[in-house]
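As structure tokens, the structure follows; a few thoughts come after it.
The values are calculated or read from the model by the stated rules, or taken from the named source; none is laboratory data. Just so it is clear, the model here is predicted, and its values are computed rather than measured. Using ideal geometry, Cβ is built from the backbone for each residue, glycine included, and neighbour counts are taken over all protein chains shown.
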Amino acid sequence: MNIKDELSKISTNLVIDEKRANYKIIIDEPSKLIDVANSIKNLGFDHVVSVTGVDYPDKIEVIWHVSSYSSEELKGIDLAISMTVKKPEPLKQTDAQGNINVNRPPVTVPSLVSVWPSGIFSEREAFEMFGIIFDGHPDLRYLMLPEDFYGTWPLRKDFTYQKPKVFIE
Amino acid sequence: MGIIPLILWLIQDLLYIIIFPGLVTILVVVVIIIWLERKIAAKVQMRFGPLWVSKKIGGALQSLADLLRYSFQEVIIPEKTDKWAFILAPGLMFAFATIALIFIPVGPYYSVLFPSYYTILFSLALIIITPIFAITVGWASDNKFSFIGALREGFLLISYEIPFLLSVVSMVIIFHTYDYINAVQNQLSFLPGIILNPLAALTMLIVMIRTTGRFPFDITEADSELVMGLFTEYSALFFGVGMATPYVELYNFSLIFSLLFLGGWWPFTLNVMNPVYGLILPGIIVVVKAFIVMAVLVFLRAVYPRYRLDQAVRSGWSYVLLLSILSVILSVVEVMFLR
Amino acid sequence: MSEKVYNIDDLQNINVEGEKYIILQIGPSHPGSGHMRLKVWLDGDIIVKVDPDIGFVHRTSEWLSERREWIKAVPIVERIMLPDTVHANLAYVLTVEKLLGIEPPPRAQYLRSLVAEINRITSHLYGIGIFGIFLGSSTVYMWAFGDREPFIDLMEMLTGARITTSYIIPGGVRWDLPNGFKERAETVLQYMERRLKDYEDIWVKNPVVQARTINVGTLKKEDAIRLGVVGPNLRASGVYYDTRKHHPYAAYSNLDFEVPTMKNGDSYDRLLIRVEEIKQSIKLIRQILKDIPEGKIIADQIYNQLNPVMKKNYEEKKRVMFPAFMIHMRPPAGEASAKVEAGRGEIFFYIKSTGDKYPYRFRWVTPSFRNLPYFTHVTVGHRLADLPTIYGSIDYFPPEADR
């Protein structure tokens, strides 16, 4: 089995970094994601290593790193599935004290938990850190951060730490 | 009986309860046994054990220092507890464990309050009361961990009580008496109980480990599951009392074990109505035997982890019960053929 | 004992409303939870559902590393994985080296493997000790933590620090083998081999341990693959996968070692596999110390950056001091990922560089985080007393999972 051929059959947007043995499939349409993921899974990539986002000024790239335990040929290969979504414009609101609150809405991508159950915790982490809502995730709650961090999305580049204004009560 | 002998009699009884083998002896034995437990475990585990308090005698006073610390800690009674039960239960638990000692003679000359031919029955009855207060503690604490601990205690109590009673019954059948002193005299004239009925001795040992919460039956206060089990909500002296009670129980059980199975005050066989020859010398022998039994049991901590509740209950209702029934049968057979 | 592994869909369908179930909040301050909270629904004594609530020791390592110079991430990742510092260090440096395009010389590769194997033994002993105290055996706890010491001393002899060594830097390592290290290491290894027999007597072959662990927390092979668990736990379920074999790094492609696997995937197998891996690591350390080649311990690209004083220091003391290059390092734009087999499993690094002073995206996944499904899937159907067994047997380390 030639992994390059197999992967290029699945998607034409295949980036291969020979030196670092990195394979990356770039998905341009969200609707294709689950189909591509299913065909990748059928190749033998059976678990998700990491789900994460990369924040750019106007877009967010969501990356699933998948790998294989069951297939001897694929054990040494890291495959990244990357999908880029546009970020909605942040909404600026001025409250009564004159502070400007920037409301940064989350983005939505399809969830791959139905394909790879191993991504369930990683997707929750990506959700709280980047504000990526995984559509179809069975249990999309906050994992590490407290619930009142909602909307801050700490790993986005425009995150600024705000000191709590009132400490007690 | 004149008034002066009666008063002397009473003073003697008081000394029995308070000094030897009563409260003071319990304190000394418990302090030493806790120290020994920690030292043995430390020896096995490549460390020093208690050392800081009283360095010259190897930290032997560490347990006393702990007791002092518990006495001066703040008493915290959580709001939602059943207050009276919360306060009284540990004390009653300790009290009943101690009172049972009245009916456990340590010498041939024995006269506390009610000279009786039914001391075995009375002491067993009092010992069996103690776990009920343990369950009360768990109930009163209004804490889920304590509650689960109390449930576990209840399960284990029921499954190990019958083997315990049967093992004692089998010795009663052999010695043909309900009195410890007669039982010991029987052994002195023939053979120690552990040779007559090793099955009963084994059952008794297992039940002792279980009832006093030694490893591998440290199930009710399994700290990785239930924080501190029954005593999760307790602090200060209540906690100290609660922690000391298993050791008092262990002391009682070990006394009973050395009386029923190890020949009591053997090799001391004089039978004189004299406080020194009738109480203190044989008493020291019995207490030393009990101490050795305790030391063996606390050593188990260094070897075994703990069983799961269902495994302990299952073995209680199968192996241990079977063992105890066999021990009764063995006793009956021995009585039929030997006597 | 129930051996069923529940589907994610099944788990969602379990209705835990109503008063039938006791809800236990185990942690975050509980002797059996570590720095995390386990919300447990109990039906009598049977666990119906477990919801692990992690993040109590979340230390924002990704955020911090994205706002610092590249080299400054080394201590950060080390402090996340305290029992496993060398592997975190190594994984990060491998990723940076992939970006920089530097290949360390063979001697440095061997030294990396050496210190990684020493660290693996300490990590496994740590895991065995915690497992011991979770089952109630303080002896094994004390023994394992005591027997970590000789190996930590070895690390100190080699790297100058006991735990947080920061030994591995892009391009090589910081210190060469000191005099007398081989003899000292041999003594320690022989001591450990003797001790392993004691462990077998008192712990592995203990009837109580066997009763508590055999057929408890079984994770079958296909489920282990599906849930993506890592490391010794994966191999205990019978999956032959070891990053050292399948993504060879450091000197592992030149070394001869076996990857032990087990069949059942229960807690007992997870205990056995750690003992087996300690034996393999002992073998590996001997092999490394025998085969280690002579030569430089730092790549030429870095060596050329050293100023004359540093070069003199390097020749005399065999010590690499940091050239200014390290702090001004700007790896070319691109992305790289690396995997390293740490004591608890596979560390994954994904770093994106824009050719800037700081990493643009710094992502890493630690083995404990990937072992989280054990709590949600394997514990269900067991008794409450089995929860510490499963927790201890997977060698879960909350600060590592939280990052």
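Structure values in brief
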quantity	calculated
Lone qualifier among C:ILE76, C:ILE80, C:ILE54 - being more than 16 Å from C:PRO359 (Cβ to Cβ) and aliphatic (A, V, I, L, M)	C:ILE54
Residue match in the stretch C:238-257 (condition: surrounded by 15 or more Cβ atoms within 10 Å (Cβ to Cβ), charged (D, E, K, R) and more than 26 Å from A:ASP78 (Cα to Cα))	no
Elements of type strands (runs of 3 or more DSSP E) in the stretch A:72-169, at least 1 residues being basic (Lys, Arg) and modelled with pLDDT of 80 or more	A:78-86
All positions within the stretch B:143-163 that are closer than 17 Å to B:LEU202 by Cα and buried (at least 23 other Cβ atoms within 10 Å of the Cβ)	B:TYR160, B:PRO163
Flag if B:LEU255 is under 30 Å from C:ILE128 (Cβ atoms), away from every other protein chain (no Cβ under 14 Å) and at pLDDT 85 or above	no
Any hit, the stretch C:238-248, residues being farther than 27 Å from C:ARG107 by Cα, assigned to a helix (DSSP H, G or I) and within 14 Å of another protein chain (Cβ to nearest Cβ)	no
Qualifying residue in the stretch C:297-307 (condition: aliphatic (A, V, I, L, M), touching a residue at least 40 places away in the same chain (Cβ under 8 Å), under 30 Å from C:LYS197 (Cβ atoms) and touching a helix residue (DSSP H, G or I) at 6+ places or on another chain (Cβ under 7 Å))	no
Per-region count, the stretch C:22-38, residues in a strand (DSSP E or B) and at the interface with another protein chain (Cβ under 9 Å from one of its Cβ atoms)	5
Residue within the stretch C:317-330 that is under 17 Å from C:GLN109 (Cβ atoms) and part of a loop (DSSP other than H, G, I, E, B) present	yes
The lone exception for A:SER39 - which of (1) in a strand (DSSP E or B); (2) of a type outside the set (Phe, Trp, Tyr); (3) under 29 Å from C:LEU234 (Cβ atoms) it fails	(1)
Pairs with Cβ under 6 Å, 6+ apart, first in the stretch B:289-313 and more than 30 Å from B:GLY263 (Cβ to Cβ) and within 7 Å of chain C (Cβ to nearest Cβ), second among the polar types (S, T, N, Q) and surrounded by 22 or more Cβ atoms within 10 Å (Cβ to Cβ)	B:PRO305/C:SER137
Restricting the stretch C:56-71 to residues that are part of a loop (DSSP other than H, G, I, E, B) and of a type outside the set (A, V, I, L, M, F, W, C), the residue that is nearest to C:LEU372 (Cα to Cα)	C:HIS58
Selected residue (only one of B:ILE11, B:ILE7, B:ILE32 is part of a helix (DSSP H, G or I) and either within 20 Å of B:LEU300 (Cβ to Cβ) or under 24 Å from the mean Cα position of the chain (by Cα) (or both))	B:ILE32
Some residue of the stretch B:136-143 being in contact with a Lys or Arg (Cβ under 7 Å, 6 or more places away or on another chain) and closer than 30 Å to C:ILE26 by Cα	yes
Only listed residue being assigned to a helix (DSSP H, G or I) and either under 19 Å from the mean Cα position of the chain (by Cα) or assigned by TED's automatic domain parsing to the domain that holds C:ALA336 (or both), chosen from C:ILE128, C:ILE102	C:ILE128
Residues that are in contact (Cβ under 8 Å) with a residue 24 or more places away in the chain and more than 12 Å from chain C (Cβ to nearest Cβ), drawn from the stretch A:124-135	A:GLY131, A:ILE132, A:ILE133, A:PHE134, A:ASP135
Qualifying residue in the stretch C:378-400 (condition: of a type in the set (Asp, Glu), more than 14 Å from chain B (Cβ to nearest Cβ), buried (at least 16 other Cβ atoms within 10 Å of the Cβ) and not in a helix (DSSP H, G or I))	yes
Filtered residue count, the stretch B:77-108, keeping only those that are β-branched (Val, Ile, Thr) and within 16 Å of B:SER146 (Cα to Cα)	3
Residue within the stretch C:120-131 that is at pLDDT 90 or above, under 20 Å from C:ILE288 (Cβ atoms) and in contact with a strand residue (DSSP E or B) (Cβ under 9 Å, 6 or more places away or on another chain) present	yes
Residues satisfying the stated conditions in the stretch A:17-31, i.e. within 11 Å of chain C (Cβ to nearest Cβ) and in a loop (DSSP other than H, G, I, E, B)	A:LYS19, A:ARG20, A:ALA21
Yes/no for C:ARG330 being of a type in the set (Lys, Arg) and within 14 Å of chain B (Cβ to nearest Cβ)	no
Candidates C:ARG59, C:ARG79 - the one that is under 22 Å from the mean Cα position of the chain (by Cα), surrounded by 15 or more Cβ atoms within 10 Å (Cβ to Cβ) and charged (D, E, K, R)	C:ARG79
Residue count, the stretch C:39-55 (criterion: more than 11 Å from chain A (Cβ to nearest Cβ) and not in a strand (DSSP E or B))	2
Wholly within the stretch B:119-220, helices (runs of 4 or more DSSP H) carrying at least 2 residues that are farther than 30 Å from C:ASN206 by Cβ and either more than 14 Å from chain C (Cβ to nearest Cβ) or in contact with a strand residue (DSSP E or B) (Cβ under 7 Å, 6 or more places away or on another chain) (or both)	B:119-140, B:144-175, B:180-189, B:193-196
Top-ranked residue of the stretch A:56-90 - restricted to ones that are touching a Leu at 6+ places or on another chain (Cβ under 8 Å), more than 8 Å from every other protein chain (Cβ to nearest Cβ) and not polar (S, T, N, Q), ranked as farthest from C:LYS339 (Cα to Cα)	A:MET83
Lone unmet requirement of (1) assigned to a strand (DSSP E or B); (2) over 30 Å from C:PHE348 (Cα atoms); (3) among the acidic types (Asp, Glu) for C:GLU19	(1)
Tally, over the stretch A:32-46, of residues that are touching a residue at least 24 places away in the same chain (Cβ under 8 Å) and more than 12 Å from chain C (Cβ to nearest Cβ)	8
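Here's the yes/no breakdown for (1) under 23 Å from B:THR212 (Cα atoms); (2) in contact (Cβ under 8 Å) with a residue 60 or more places away in the chain; (3) of a type in the set (S, T, N, Q):
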{"site": "B:LEU27", "(1), (2), (3)": "yes, no, no"}
{"site": "B:VAL31", "(1), (2), (3)": "yes, no, no"}
{"site": "B:LYS39", "(1), (2), (3)": "yes, no, no"}
{"site": "B:PHE48", "(1), (2), (3)": "no, no, no"}
{"site": "B:LEU51", "(1), (2), (3)": "no, no, no"}
{"site": "B:ALA60", "(1), (2), (3)": "yes, no, no"}
{"site": "B:ASP66", "(1), (2), (3)": "yes, yes, no"}
